[in-house]
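Novice: Before anything else, here's the structure in question.
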Amino acid sequence: LDACLVCDERIWSAGREVARALGDVSAAEVFCETASLDSAVVTVREVRAPKRALRGLDQRIARLVGESAGVRGVRWRVGRSWSEAGDPRVDLGEVMAHPRAGWTEPVRSGLFRQANPEVNVMLSEHVAEQVASASSRRIVEFFSGCGNLTFAVAGRTDRPIRAYEVARPAVRLGR
């Protein structure tokens with residue numbers, strides 16, 4: 001891919017930089033996230049590559065984090081082992097459209113969120129408006145993550161909300 005219409009440039013740049021650092025890795029799942037107002041973190045899962053391609057991967061990623069102004073940290077997994085470079089945590093209080101009170105400590109990266117903070121604010125406001133004006137007695141949200149839309153809706157209605165999520169780390173944050 002050469003461009004993404006939804007991601008902001010900071011996220012897109014971070015993904016490209018990490019992809020270059022991965023070098024000859026044959027396959028990987030790469031998740032880029034806004035970590036704070038001025039930086040990004042990248043989580044790389046399911047790295048598959050011949051052993052020769054993995055040699056020096058730790059050093060390449062550590063060098064990238066040290067030299068890049070926009071990449072705050074990277075977490076990556078080869079097999080069952082996780083490694084980290086820099087600070088791969090996310091400041092949810094800064095990057096969520098409607099952060100939950102008490103979210104002051106950064107959390108480990110890898111939770112799904114909208115890729116563009118500005119679009120996320122517009123999306124959550126639109127959803128909250130639509131749900132608040134609906135006539136239903138109850139509200140149910142499936143795949144609610146750590147509550148991005150749930151908390152936006154909760155701020156606009158007194159109706160009960162039931163949110164469902166399967167990712168345990170997201171559930172822990174949303175409680």
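The values are calculated or read from the model by the stated rules, or taken from the named source; none is laboratory data. Note that this is a predicted model, so its numbers are computed, not measured. Note: ideal-geometry Cβ built from the backbone for every residue, glycine included; neighbour counts use all protein chains shown. What goes into the accessible areas is simple: the full protein's heavy atoms, side chains included, and nothing from ligands, DNA or RNA. Shrake-Rupley method; radii C 1.70, N 1.55, O 1.52, S 1.80 Å.
Novice: If you check Glu84 against the conditions, is it more than 30 Å from Asp24 (Cα to Cα), surrounded by 16 or more Cβ atoms within 10 Å (Cβ to Cβ) and modelled with pLDDT of 85 or more?
Specialist: It is false that Glu84 is more than 30 Å from Asp24 (Cα to Cα), surrounded by 16 or more Cβ atoms within 10 Å (Cβ to Cβ) and modelled with pLDDT of 85 or more.
Novice: While we're on this one: Could you tell me how many of the residues in segment 34-46 are surrounded by 24 or more Cβ atoms within 10 Å (Cβ to Cβ) and touching a Ser or Thr at 6+ places or on another chain (Cβ under 9 Å)?
Specialist: Number satisfying all stated conditions: 4.
Each row is one residue, and each column tells you yes or no for (1) aliphatic (A, V, I, L, M); (2) modelled with pLDDT under 70; (3) more than 22 Å from Ser39 (Cβ to Cβ); (4) surrounded by 18 or more Cβ atoms within 10 Å (Cβ to Cβ).
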residue: Leu92; (1), (2), (3), (4): yes, no, no, yes
residue: Arg100; (1), (2), (3), (4): no, yes, no, no
residue: Glu118; (1), (2), (3), (4): no, no, no, no
residue: Val127; (1), (2), (3), (4): yes, no, yes, yes
residue: Ser133; (1), (2), (3), (4): no, no, yes, no
residue: Ile139; (1), (2), (3), (4): yes, no, yes, no
residue: Phe143; (1), (2), (3), (4): no, no, yes, no
residue: Gly155; (1), (2), (3), (4): no, no, yes, no
residue: Glu165; (1), (2), (3), (4): no, no, yes, yes
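Novice: When segment 143-161 is examined, which residues are found to be closer than 18 Å to Phe112 by Cα and either in a helix (DSSP H, G or I) or over 15 Å from the mean Cα position of the chain (by Cα) (or both)?
Specialist: Matches in segment 143-161: Asn148, Leu149, Thr150, Phe151, Ala152.
Novice: Here's a follow-up. For segment 12-32, name all the residues that are in contact with a Gly (Cβ under 8 Å, 6 or more places away or on another chain) and surrounded by 23 or more Cβ atoms within 10 Å (Cβ to Cβ).
Specialist: Residues satisfying the conditions are Ala14, Cys32.
Novice: Can you name the helices (runs of 4 or more DSSP H) wholly within segment 1-92 that have at least 1 residues being among the aromatic types (Phe, Trp, Tyr)?
Specialist: Correct list: 9-22.
Novice: Also, quick follow-up: Any residue at all in segment 160-169 that's in contact (Cβ under 8 Å) with a residue 24 or more places away in the chain and farther than 26 Å from Pro106 by Cα?
Specialist: No, because not a single residue in segment 160-169 is in contact (Cβ under 8 Å) with a residue 24 or more places away in the chain and farther than 26 Å from Pro106 by Cα.
Okay, residues lined up against (1) more than 17 Å from Ile11 (Cβ to Cβ); (2) hydrophobic (A, V, I, L, M, F, W, C); (3) touching a helix residue (DSSP H, G or I) at 6+ places or on another chain (Cβ under 6 Å):
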{"position": "Pro50", "(1), (2), (3)": "yes, no, no"}
{"position": "Leu54", "(1), (2), (3)": "yes, yes, no"}
{"position": "Gly66", "(1), (2), (3)": "yes, no, no"}
{"position": "Arg75", "(1), (2), (3)": "no, no, no"}
{"position": "Gly79", "(1), (2), (3)": "yes, no, no"}
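Novice: In the set Gly70, Gly66, which member is open to solvent by less than 30 Å² (accessible area, probe 1.4 Å) and within 30 Å of Glu118 (Cα to Cα)?
Specialist: Gly70
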